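A.B. asks: The structure's right below; bear with me while I get my questions together.
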Amino acid sequence: MRDFWQRYRRNKGAVVGLGLLIFVVLVAIAAPIIFPASPWEMAGAPFQRPFGEYPLGTDMLGRNVLSGIVHGARVSLMVGIISTIVAVALGLTFGALAGYFGGIVDDALMRFTEFFQTIPSFVFAIVLVAIFRPTIYSIVAAIAVVSWPPVARLVRGEFLSLRRREFVQAAVVIGESHLKIILTQILPNALSPVIVMASLMIASAILLESALSFLGLGDPNMMSWGYMIGASRSVIRNAWWMSTFPGIAILVTVLALNLVGEGLSDAMNPRLARKGRA
Amino acid sequence: MGRFDYVARRLLKSVAILLAIVVMNFLLIRMAPGDPASVIAGEAGAADAKYIAQLREQFGLDQPLTTQLALYVGGVVQFDLGFSYRNQRTVASMVGERLPATLLLTVTAFVLAIGIGVGLGVLAATRVGTWADSLVTVAALGFYATPLFWVGLMAILLFSVNLGWLPAFGMQTLGSQMTAGERAVDVARHLVLPATTLAVFFVAIYARLTRASMLEVQDMDFVRTARAKGLAPARILRAHTLRNAILPVITFAGIQAGQLVGGSIVVETVFAWPGIGRLAFEALLQRDYNLLLGVFFLTSVMVIAFNLITDLVYSMVDPRIEVGA
């Protein structure tokens, strides 16, 4: 663990990213303490400029922009994390089955994966959320459904190569069940690239959620960054702050997650770390 | 296996995926809220049971699901994507008239993204560790983390509202008499902001990818050989390093086609660009599911076509490709 941190720390960007991420997480957790009132409630006069009575101004209904951003952090992180968990679970299942059993199972599952990878993911997510009505559940489900294929391909690759290793063969010889071999022998060895991918997936899930709620497909009961920007689009000429600040919040959060993902990748594959990193 | 077989197999696969999308589209339309018959009946102002039953019969909604599916697939093959009851027009005619604007936007953005992205990647890779490299790397990281719609809004704020350089909305100036040349310039001016906005995210991806790929290739034996035999650095870069480093970029560009089309929905919404992305947004506002799924189908076709093209380009650029695989 200490080794791991030593290696992680070598990537300065990753350390900055971790700091930013911890900040965003703390803000999300503390949101009800910082702003106990609902972010939907009117706080003052509408269209107040930032850096006055309200640090980031108020919107057209007099709602506090900063409060919206703070509460929005909860929604963004929650949607990002839960949809990634679901997507990783789907990807692990399909990828493990395909890589472990090979043959027809592999063929069928990979065609299935390829299909989901080909269809334009954002358009598909829009269609799903629109048809099943925008709620937090349909949003999470839609993001998960369009995000799992890369995990499946990655896990399949890992499983294909680990499947032939001696320790797995040994487990087969002593008669362990398929499920036990998958869960106790192969999976733990295949996890580290999945963890790296998952951290990057949270970032893209947050971007996806923000784009959905920008288009009006957010959960109508949840204050989210994308919604704030979408709602203020029509008044951008008079009130720049209403769309500028929530965008910065998205940028900071997604950037932090990407940096952390790269740091994890470096720390887990020290040999690859320096060479050819983008 | 020859080139012809490879192309034939790729085409066959594309058709299979397309068919699967049609079937899924059919199922999604069935799941969408509101039975089409009661929707029309409601709009005709005569929602009694007998009329609805009559409509259901007329549209084949009383047939078994498999028959309906067969009818639907038969329709799509003839590019019949259903009817938009809200607009009283066929979906095919609506998406058809919006397609050129979207193609203009996405192709321009794609060319910009590849050109600028690969250029910046090469710049960074040939100057590793300098300020230029750091600048490209940091900018790429930043843009990779920025939502497209926000980039678009900020671009409008800066270049349209504050500086007044470029138009922010639409595809052309309405109601003015212009010659063909003036019109082209007018469209081009309207195109600058949306195309750049859409390109920005992909510039970031291609720059990072090109840089990484160049660094990897630069260390390879054949590049060292080229250097040892005294080739000019510019020629090594062009004929040896870049030629090989560009391969993963092409692969990735194919994978990213769907994202480009998806991004155009958001960008067209921000800039009121009259393409199918904007149409998707209008369909969303009106909860016009037939239209929305028509857009979904058309964008899927675009992505499949694009994937096919990149695969073929790849097989031409890389002679080593195993055409049998």
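The values are calculated or read from the model by the stated rules, or taken from the named source; none is laboratory data. The model shown is predicted, which means the values in this text are computed figures rather than measured ones. Cβ atoms come from the backbone with ideal geometry, glycine included; neighbour counts cover every protein chain shown. Quick note on the areas: whole protein, heavy atoms, side chains included, nothing else; ligands and nucleic acids left out. Shrake-Rupley method; radii C 1.70, N 1.55, O 1.52, S 1.80 Å.
A.B. asks: Among B:ILE265, B:ILE304, B:ILE276, which is the only one that is under 11 Å from the mean Cα position of the chain (by Cα), open to solvent by 10 Å² or more (accessible area, probe 1.4 Å) and among the β-branched types (Val, Ile, Thr)?
C.D. replies: B:ILE304
A.B. asks: Across the stretch A:101-120, what is the total count of residues that are at pLDDT below 90, open to solvent by less than 10 Å² (accessible area, probe 1.4 Å) and out of contact with any Gly (no Cβ under 6 Å at 6 or more places or on another chain)?
C.D. replies: 1
A.B. asks: Which of the residues that make up the stretch A:224-237 are surrounded by fewer than 24 Cβ atoms within 10 Å (Cβ to Cβ) and out of contact with any Asp or Glu (no Cβ under 8 Å at 6 or more places or on another chain)?
C.D. replies: The answer is A:ARG233, A:SER234, A:VAL235, A:ILE236, A:ARG237.
A.B. asks: Within the set of pairs 6+ apart or on separate chains, which have a first residue in the stretch B:70-88 that is touching a residue at least 40 places away in the same chain (Cβ under 8 Å) and charged (D, E, K, R), a second that is in a helix (DSSP H, G or I) and surrounded by fewer than 15 Cβ atoms within 10 Å (Cβ to Cβ), and C-beta atoms under 9 Å apart?
C.D. replies: B:ARG86/B:GLU43; B:ARG86/B:GLN286
A.B. asks: Take the conditions outside any loop (DSSP other than H, G, I, E, B), modelled with pLDDT under 90 and more than 27 Å from the chain's Cα centre (by Cα) and apply them to A:SER192. Does it pass?
C.D. replies: no
A.B. asks: Can we say A:PRO150 is outside any helix (DSSP H, G or I) and within 14 Å of chain B (Cβ to nearest Cβ)?
C.D. replies: No, not satisfied.
Yes/no matrix, rows are residues, columns are (1) closer than 28 Å to B:GLN286 by Cα; (2) at pLDDT 85 or above; (3) within 12 Å of chain B (Cβ to nearest Cβ); (4) part of a helix (DSSP H, G or I):
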{"position": "A:LEU212", "(1), (2), (3), (4)": "yes, yes, yes, yes"}
{"position": "A:LEU217", "(1), (2), (3), (4)": "yes, yes, yes, no"}
{"position": "A:ILE229", "(1), (2), (3), (4)": "yes, yes, yes, yes"}
{"position": "A:SER232", "(1), (2), (3), (4)": "yes, yes, yes, yes"}
{"position": "A:TRP241", "(1), (2), (3), (4)": "no, yes, yes, yes"}
{"position": "A:ALA249", "(1), (2), (3), (4)": "no, yes, yes, yes"}
{"position": "A:LEU255", "(1), (2), (3), (4)": "no, yes, yes, yes"}
{"position": "A:ASN258", "(1), (2), (3), (4)": "no, yes, yes, yes"}
{"position": "A:GLY261", "(1), (2), (3), (4)": "no, yes, yes, yes"}
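A.B. asks: For the stretch B:268-282, what are the residues that are in contact (Cβ under 8 Å) with a residue 40 or more places away in the chain and on the phi < 0 side of the Ramachandran plot?
C.D. replies: Selection gives B:GLU268, B:THR269, B:VAL270, B:PHE271, B:TRP273, B:PRO274, B:GLY275, B:ILE276, B:GLY277, B:ARG278, B:LEU279.
A.B. asks: Now for a different question. Here is a list: B:ARG127, B:ARG189, B:ARG208, B:ARG227. Which entry is closer than 30 Å to A:TRP225 by Cα and basic (Lys, Arg)?
C.D. replies: Every option except B:ARG208 fails the conditions.
A.B. asks: Moving on to the next point. Return yes or no: is B:VAL313 exposed (fewer than 15 other Cβ atoms within 10 Å of the Cβ), touching a residue at least 40 places away in the same chain (Cβ under 8 Å) and more than 18 Å from B:LEU18 (Cβ to Cβ)?
C.D. replies: yes
A.B. asks: Further question: Out of the residues in the stretch A:1-39 that are among the β-branched types (Val, Ile, Thr) and more than 18 Å from the chain's Cα centre (by Cα), state the one that is least open to solvent (accessible area, probe 1.4 Å).
C.D. replies: So, considering only residues that are among the β-branched types (Val, Ile, Thr) and more than 18 Å from the chain's Cα centre (by Cα), the one least open to solvent (accessible area, probe 1.4 Å) is A:VAL15.
Table: residues versus (1) more than 24 Å from B:ARG211 (Cβ to Cβ); (2) more than 10 Å from chain A (Cβ to nearest Cβ); (3) not in a helix (DSSP H, G or I).
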site: B:VAL249; (1), (2), (3): no, yes, no
site: B:ALA253; (1), (2), (3): no, yes, no
site: B:GLY262; (1), (2), (3): yes, no, no
site: B:TRP273; (1), (2), (3): yes, yes, yes
site: B:ARG278; (1), (2), (3): yes, yes, no
site: B:PHE281; (1), (2), (3): yes, no, no
site: B:GLY294; (1), (2), (3): yes, yes, no
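A.B. asks: Does the stretch B:53-102 hold any residues that are open to solvent by 70 Å² or more (accessible area, probe 1.4 Å) and under 27 Å from B:LEU279 (Cα atoms), and which are they?
C.D. replies: B:PHE59, B:LEU71, B:VAL77, B:GLN78, B:PHE79, B:ASP80, B:ARG86, B:GLN88, B:ARG89, B:GLU97, B:PRO100 - these are the residues of the stretch B:53-102 that are open to solvent by 70 Å² or more (accessible area, probe 1.4 Å) and under 27 Å from B:LEU279 (Cα atoms).
A.B. asks: Being under 24 Å from B:VAL266 (Cα atoms) and touching a residue at least 60 places away in the same chain (Cβ under 8 Å) is true for just one of B:THR146, B:THR126, B:THR137, B:THR106. Which residue is that?
C.D. replies: B:THR106
A.B. asks: Next question. Could you look through the stretch B:155-170, keep only residues that are within 25 Å of the chain's Cα centre (by Cα), open to solvent by less than 40 Å² (accessible area, probe 1.4 Å) and more than 7 Å from every other protein chain (Cβ to nearest Cβ), and pick out the one that is nearest to B:GLY275 (Cα to Cα)?
C.D. replies: The qualifying residue nearest to B:GLY275 (Cα to Cα) is B:GLY170.
A.B. asks: Can B:ASP221 be described as charged (D, E, K, R) and buried (at least 17 other Cβ atoms within 10 Å of the Cβ)?
C.D. replies: no
A.B. asks: What pairs come up if the first residue lies in the stretch A:31-44 and is assigned to a loop (DSSP other than H, G, I, E, B), the second is among the hydroxyl-bearing types (Ser, Thr, Tyr) and surrounded by 13 or more Cβ atoms within 10 Å (Cβ to Cβ), and their beta carbons are under 6 Å apart, counting only those six or more places apart or on different chains?
C.D. replies: A:PHE35/A:SER67; A:PRO39/A:SER67; A:GLY44/A:THR58
A.B. asks: Open to solvent by 30 Å² or more (accessible area, probe 1.4 Å), out of contact with any Gly (no Cβ under 7 Å at 6 or more places or on another chain) and within 11 Å of another protein chain (Cβ to nearest Cβ): which single residue out of B:THR146, B:THR137, B:THR173, B:THR179 fits that description?
C.D. replies: Every option except B:THR137 fails the conditions.
A.B. asks: Okay, next question. For residues in the stretch B:201-227 being within 12 Å of another protein chain (Cβ to nearest Cβ) and of a type in the set (Lys, Arg), which is farthest from B:VAL270 (Cα to Cα)?
C.D. replies: Selected residue: B:ARG211.
A.B. asks: Do you know which of the residues in the stretch B:228-247 that are part of a helix (DSSP H, G or I) and of a type in the set (D, E, K, R) is nearest to the other protein chains (Cβ to nearest Cβ)?
C.D. replies: B:ARG243
A.B. asks: Which of the residues belonging to the stretch B:165-211 are free of Cβ contacts under 8 Å to residues at least 12 places away in the same chain and farther than 29 Å from A:ILE236 by Cα?
C.D. replies: Result: B:GLN177, B:MET178, B:THR179, B:ALA180, B:GLY181, B:GLU182.
A.B. asks: Within the stretch B:103-134, take every residue that is β-branched (Val, Ile, Thr), under 28 Å from A:VAL252 (Cβ atoms) and at pLDDT below 85 and give me the one that is surrounded by the most Cβ atoms within 10 Å (Cβ to Cβ).
C.D. replies: B:VAL128
A.B. asks: Would you confirm whether or not the stretch A:83-91 contains a residue that is open to solvent by less than 50 Å² (accessible area, probe 1.4 Å), away from chain B (no Cβ under 14 Å), more than 30 Å from A:ASN189 (Cα to Cα) and of a type in the set (Ser, Thr, Tyr)?
C.D. replies: no
A.B. asks: May I pose another question? Take B:LEU198 and tell me if it is crowded, with 21+ Cβ neighbours inside 10 Å and within 13 Å of chain A (Cβ to nearest Cβ).
C.D. replies: yes
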